1. What is the fewest-to-most order of VAL279, VAL245 by other Cβ atoms lying within 10 Å of their Cβ?
2. Distance from a point 7 Å along Cα→Cβ of GLN104 to each backbone N in region 123-143: keep the residues under 19 Å and list them by number.
3. What aspartates and glutamates sit close enough to LYS215 to cross-link, taking a C-alpha to C-alpha distance under 14 Å and skipping anything fewer than 8 places away on the same chain?
4. Please find, in a Gaussian network model of the chain (springs between Cα atoms separated by less than 10 Å), the residue of MET13, MET28, MET62 whose mean-square fluctuation is greatest.
5. LEU32's amide H: which non-local residues (gap 5+, or another chain) put their own amide H closer than 5 Å, with H modeled 1.01 Å from N in plane and none for Pro or chain starts?
6. Across 10 Å bins from 0, what is the distribution of all Cα-Cα pair distances for region 138-243, in whole percents?
7. Between GLU273, GLU161, GLU145, where does the largest GNM mean-square fluctuation fall for the chain, given springs only between Cα atoms within less than 10 Å?
8. Along the charge dipole of the chain, Cβ charges K/R +1 and D/E -1, which of GLY296, ILE310, ASN266 sits furthest on the positive end?
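None of the figures in this text is laboratory data; all of them are computed from the coordinates on show. Source: prediction; values computed, not measured. Reconstructed Cβ throughout: ideal geometry from the backbone, glycine too, with neighbour counts over all protein chains shown.
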Amino acid sequence: MHFDLTIIGSGIMGTLAAFYAVKRNPNMLVLLVDRGFIGGGTTRHSIGFDYPFGHTKAKKEMAIESLLLWQQLDTHLQNLRCTLPLYGIVSKKNTERVLNGFVQNNFQTDEKTLVFNKTTLLAKKEHVFITGGYCNYYKPQATTEKLAELIKKQHNCTIWEGLNVERVETQKSSFNLHLSDQNTIKTNKLLLATGPWSATNGLGLFEETKLRTKKIISLHIEEPTEQDCPALFFFDEDAFLLPLVTLNRLIFSFTILSWDIHPDSNAFVITPEEKEIGVSILRKYLPNLVNKCHGGRVFCDAYSPDWTPIIQRNPVYPNAVIATAGSGSGFRLAPAIAIRALNHLGI
């Protein structure tokens with residue numbers, strides 16, 4: 001079989017790339033292939049938190065692009081999205097940097113006491129609150145499955161699940177992909193969107209790309225939430241609380257620096273030491289939540305040296321592109337990453 005474009009990896013990045021590819025060129029023969037299933041892997045473990053912020057200039061640009069693209073996708077995804085107020089707490093010395101990171105200008109500092117889900121935040125004199133903005137969160141796997149459903153309506157787009165690309169054979173202007181079912185297909189253009197697996201297997205095309213995997217942890221806090229409960233970002237600690245109203249639960253995500261975790265590892269557990277890192281943040285601001293932490297979710301993601309996503313063309317075979325290193329923000333920045341990857345491929 002011969003395809004114009006093959007996308008390896010059907011997480012949110014790969015699925016959006018397929019969605020935009022057939023939208024841009026309805027006559028293009030596109031294959032989306034994954035060793036697992038649609039929306040599996042990192043996307044399945046993602047919280048789907050979409051907040052209008054960028055830590056770096058490049059990330060901020062992607063956040064602006066993605067914000068507009070998610071809004072355009074909302075006609076298809078309305079029942080999979082929830083909009084919430086977004087509050088923040090930050091030290092005064094970091095306030096200007098944080099305010100400059102927002103892609104919307106409606107965020108502002110607030111000296112008043114901040115109440116989160118009927119509980120007053122503990123804060124010191126060197127802290128200020130940030131209010132005035134909004135954020136979204138999506139159901140990541142269901143969102144990806146919905147996009148795949150839209151893709152499948154295009155007669156020229158094929159989706160294969162449970163099929164691994166084991167080897168890539170480079171030709172002059174195309175690629176032969178050797179599959180785990182012993183079949184071989186030919187493709188003119190190739191997009192690798194395999195998330196943390198990119199760091200362990202670049203299929204011989206992107207072995208020099210500087211990627212590392214890092215563990216990502218979120219705690220589940222069993223706490224009934226109000227309908228208008230905001231999301232809360234702790235900017236100094238790079239952590240956030242996200243209310244899942246329908247589940248009567250808060251998800252608390254925080255940063256740990258546990259590197260080089262293999263995505264196929266069976267050791268995805270939250271250790272007592274790792275839990276304590278998160279609990280220590282809660283103890284500072286919302287100590288009443290500490291004893292309500294039960295379980296959570298843990299996985300890993302690919303990271304670049306500056307934590308900005310990588311969209312890179314192979315220097316020898318320009319029809320091969322890698323889109324990876326979501327660096328913990330892969331879901332919210334996925335639309336911009338997908339579009340930029342297609343641009344690199346001339347699609």
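1. Ranking VAL279, VAL245 by Cβ neighbours within 10 Å, fewest first, gives VAL245, VAL279.
2. Under cut-off, by backbone N: 129-139.
3. Excluding near neighbours in sequence, the set is ASP260, ASP264, GLU273, GLU274, ASP301.
4. Highest fluctuation of the listed residues: MET28.
5. ILE7, THR158, ILE159, TRP160
6. P(r) over region 138-243, rounded to whole percents: 10, 26, 30, 19, 13, 3.
7. So, out of GLU273, GLU161, GLU145, the one fluctuating most is GLU273.
8. Of the listed residues, the answer is ILE310.
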